[in-house]
Amino acid sequence: MRLRRGQAMVESVVAVLFVAFLFFVLFFLSRLLTVKIMLEYSASRVARARTVGLNDFVCEKAARVSVMTVAGRRLWPDEEELAEEESDKDPEADAEVEEFEELGEEFEEKLRYSAASLVQLARLYMGRETPAEAAGFMEYEYWQTLYVEPGDVSKVRMKFKIWDIPVSLEGESHIENHYRDYLAAP
């Protein structure tokens, strides 16, 4: 009887290890697929920006904003500095900050990490006019590894890590560019 109980325990441990391994593999593959989809989307945003005649800097900002959700943790700025800068630019933001203080710190903490705060952060970042201003405004963990190649065939590459495993993926988008036809001299 003891041999069978020990044997069943070993079988259970092997089964649990197999299921855990399968879960981690599926998690890894789903993360890769998510990043790949976001890079394809980012490449389409870059191609669109280039098609309407925007410069390389705007294309790079568009790519960075498009991959914010998969670019790792935000390194800069912390939320307090962002709130101060926003209130300096927008008089209505002062009223919002006072409203947040009335609602309490718990609600404010939830709002910082909501989708609405990411949209607001992206809007402020896209408003930066020079590369130096944009670099000093916001930084994500994997933005330094983001490579943007704008053009008729736009490519966006990013190197990142999943569980300390280095991965490099690329997104590509093809948009037919007609601006030369409209801007050509007769």
Original post:
On the given criteria, is Tyr142 modelled with pLDDT of 80 or more, closer than 25 Å to Leu75 by Cβ, surrounded by fewer than 15 Cβ atoms within 10 Å (Cβ to Cβ) and of a type in the set (Ser, Thr, Tyr)?
Top reply: no
Original post:
With respect to Ala134, is the statement that it is at pLDDT below 60, out of contact with any His (no Cβ under 8 Å at 6 or more places or on another chain), farther than 19 Å from Met38 by Cα and crowded, with 16+ Cβ neighbours inside 10 Å true?
Top reply: no
**OP:** Return only the number of the condition from (1) over 27 Å from Glu170 (Cα atoms); (2) modelled with pLDDT of 90 or more; (3) of a type in the set (D, E, K, R) that Arg31 does not satisfy.
**Re:** (1)
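Residues Arg128, Arg112: which one is touching a helix residue (DSSP H, G or I) at 6+ places or on another chain (Cβ under 6 Å) and either modelled with pLDDT under 55 or under 16 Å from Leu75 (Cβ atoms) (or both)? Steps first, answer last, please.
Numbers: Arg128 fails: either modelled with pLDDT under 55 or under 16 Å from Leu75 (Cβ atoms) (or both).
So the residue among Arg128, Arg112 that is touching a helix residue (DSSP H, G or I) at 6+ places or on another chain (Cβ under 6 Å) and either modelled with pLDDT under 55 or under 16 Å from Leu75 (Cβ atoms) (or both) is Arg112.
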**OP:** Would you check which residues across region 38-57 are among the aliphatic types (A, V, I, L, M) and touching a residue at least 40 places away in the same chain (Cβ under 8 Å) and list them?
**Re:** Met38, Leu39, Ala43, Val46, Ala47, Ala49, Val52
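The values are calculated or read from the model by the stated rules, or taken from the named source; none is laboratory data. Note that this is a predicted model, so its numbers are computed, not measured. Positions of Cβ are generated from backbone atoms using ideal geometry, with glycine treated the same way; all protein chains shown enter the neighbour counts.
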